[in-house]
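Can you keep this structure in mind? I'll have questions shortly.
Laboratory data are not the source of any read-out in this text; all were calculated from the coordinates shown. Small disclaimer: the values here were computed from a predicted structure and weren't measured. Please note: Cβ atoms are built from the backbone with ideal geometry, for glycine as well, and neighbour counts cover all protein chains shown.
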Amino acid sequence: MKKTHKYTNLYMPLGMLYGIVFGMLTYGIALDSIGIGISLGICIGMCLGVGIGSAKDAKINKQLEEYGYTVRSISETPDGYDVIISDKHGGEKAVPVSRKALVHEKFKPGDLVYLSGSRIEQAYPAGGK
């Protein structure tokens, strides 16, 4: 099964951004060279971002491999929507989703999803791209 890199791709640039600020404030001032501070900060931030993102992705990939939740159908309710998901073992469950979350995640039948607490998030759209 294809692995997701959703959080690695999110946390790496965030880590680099915070690394630049951290590098300018600490190493740049201490070494009296903003360029060196920014360079060190980018490296440190990128490493931390990739590490944190990879750890989160590992949990998601483990769940995807074990259960492989797929969106079966979406039905409207007075409070939002019920998304019916099924796992690769044949079990089905209905997960309530708000209107805002449905618009943000753009769920549709066939999407590969994962459970994050009591809510679902999209790992891959239908077709796996």
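Inspect segment 68-78 for any residue being among the aliphatic types (A, V, I, L, M) and part of a loop (DSSP other than H, G, I, E, B) and give the result as yes or no.
Checked segment 68-78: no residue is among the aliphatic types (A, V, I, L, M) and part of a loop (DSSP other than H, G, I, E, B).
If we scan segment 112-128, do we find a residue that is within 22 Å of TYR7 (Cβ to Cβ) and among the charged types (D, E, K, R)? Break it down stepwise before answering.
Filtering segment 112-128 down to residues within 22 Å of TYR7 (Cβ to Cβ) leaves 112-128.
Add one more test, that the residue is among the charged types (D, E, K, R), and what stays is 119, 121.
For segment 112-128, residues within 22 Å of TYR7 (Cβ to Cβ) and among the charged types (D, E, K, R): present.
Just to be sure I understand, how many residues within segment 76-125 are surrounded by 14 or more Cβ atoms within 10 Å (Cβ to Cβ) and small (Gly, Ala, Ser)?
5
Here's a follow-up. Might you let me know whether segment 36-44 holds any residue that is more than 24 Å from ILE85 (Cβ to Cβ) and within 12 Å of the chain's Cα centre (by Cα)?
No, that holds for no residue.
Tally up the residues in segment 80-105 that are assigned to a loop (DSSP other than H, G, I, E, B) and either touching a strand residue (DSSP E or B) at 6+ places or on another chain (Cβ under 7 Å) or hydrophobic (A, V, I, L, M, F, W, C) (or both), please.
Summing the residues that are assigned to a loop (DSSP other than H, G, I, E, B) and either touching a strand residue (DSSP E or B) at 6+ places or on another chain (Cβ under 7 Å) or hydrophobic (A, V, I, L, M, F, W, C) (or both) in segment 80-105 gives 1.
Within segment 49-62, identify whether any single residue is out of contact with any helix residue (DSSP H, G or I) (no Cβ under 8 Å at 6 or more places or on another chain), buried (at least 17 other Cβ atoms within 10 Å of the Cβ) and either closer than 19 Å to HIS5 by Cβ or free of Cβ contacts under 8 Å to residues at least 60 places away in the same chain (or both), and answer yes or no.
Checked segment 49-62: at least one residue is out of contact with any helix residue (DSSP H, G or I) (no Cβ under 8 Å at 6 or more places or on another chain), buried (at least 17 other Cβ atoms within 10 Å of the Cβ) and either closer than 19 Å to HIS5 by Cβ or free of Cβ contacts under 8 Å to residues at least 60 places away in the same chain (or both).
Residues being under 23 Å from THR8 (Cβ atoms) and not hydrophobic (A, V, I, L, M, F, W, C): count how many of those fall in segment 71-109. Don't jump to the end; show me each part of the working.
Narrowing segment 71-109 to residues under 23 Å from THR8 (Cβ atoms): 101, 104-107.
Keeping just the survivors that are not hydrophobic (A, V, I, L, M, F, W, C) gives 104-106.
Number satisfying all stated conditions: 3.
Could you please find all residues in segment 61-77 being over 22 Å from the mean Cα position of the chain (by Cα) and over 17 Å from VAL103 (Cβ atoms)?
SER73
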